[in-house]
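The values are calculated or read from the model by the stated rules, or taken from the named source; none is laboratory data. In this text the structure is predicted, and so the values were computed from the model without any measurement. Glycine also receives a Cβ, built like all others from the backbone with ideal geometry; neighbour counts cover every protein chain displayed. Areas reflect the complete protein model, heavy atoms only, side chains present, ligands, DNA and RNA absent. Shrake-Rupley method; radii C 1.70, N 1.55, O 1.52, S 1.80 Å.
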Amino acid sequence: MRREFSRKRKSKKWIKWLCLCVFLFVVATFAFFILADKPIKSVKKDAINISRKYANIKKVDDFYISNLTNTYYTVSGVNSDNESVFVIISKKNGHVLVVGQKDGINKNTAIALVKQSGDVKKNNKSSSVYL
């Protein structure tokens, strides 16, 4: 009888420790993802504030980060004149470039221009660009 009681007690302790470990793992995972997202949210907030200052952005549509050779932050939105614009901010020197979306080219035009150059083997990914 004492052996059965001892086994039940040990199994309950084991289950409690397992539940505690699973709970701590879930909490640590959530904390990791929340902390990993903080720098991007901070940069996004700063870029939106700069775009409001230099381009009078009233409505923000989207935010992009480009890390090709240099890092650029791009905010797309509508300014006070109801024009759709891109605000491109250089991380390196803070230079701000405001470009009207109507001044760019669409995806199909960009693909056609690249194909005309003749040096294309494969198109991995394409999106709207400003030239």
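Take the Cα atoms of region 11-95, build their convex hull, and give its volume per residue in Å³. Spell out each step's value before the answer.
Values: hull volume 10.3 nm³, N = 85.
Convex hull volume per residue, Cα atoms: 121 Å³.
Determine the alpha carbon to alpha carbon distance for each of Lys58/Lys115; Lys59/Lys92; Lys12/Lys38; Lys38/Lys115 and list only those over 32 Å.
Values: Lys58/Lys115 37 Å; Lys59/Lys92 26 Å; Lys12/Lys38 40 Å; Lys38/Lys115 40 Å.
Result: Lys58/Lys115; Lys12/Lys38; Lys38/Lys115 exceed 32 Å.
Kindly rank 90-99, 49-58, 22-31 from highest to lowest mean number of other beta carbons found within 10 Å of each residue. Spell out each step's value before the answer.
Details: 90-99: 12.4, 49-58: 16.6, 22-31: 9.9.
Put in order of decreasing packing, that is 49-58, 90-99, 22-31.
Roughly how big is region 4-109's charge dipole about its Cα centre, with Cβ charges of +1 (Lys, Arg) and -1 (Asp, Glu), in debye to the nearest 20? Intermediate values should be presented prior to the final figure.
Working: 19 positive and 8 negative charges, 238 e Å.
Using only the charged Cβ atoms, the result is roughly 1140 debye.
Only Lys, Arg, Asp and Glu count, each charged at its Cβ (+1, +1, -1, -1), so figure out the dipole size of region 39-96 about its Cα centre, rounded to 20 debye.
Numbers: 9 positive and 5 negative charges, 59 e Å.
Computed charge dipole of region 39-96: roughly 280 debye.
What do you reckon, how do Ile48, Ile105, Ile40 stack up by accessible area (1.4 Å probe), largest on top? Display every interim value, and only then the final one.
Values: Ile48 25, Ile105 45, Ile40 90 Å².
Of Ile48, Ile105, Ile40, the descending order of accessible area is Ile40, Ile105, Ile48.
Relative to the present Cα-Cα distance, how much length would full extension add between Tyr64 and Asn49 at 0.36 nm per residue of separation? Walk me through the intermediate numbers first.
Numbers: separation 15, 0.36 × 15 = 5.40 nm, distance 1.45 nm.
Result for the pair: 3.9 nm of gain on full extension.
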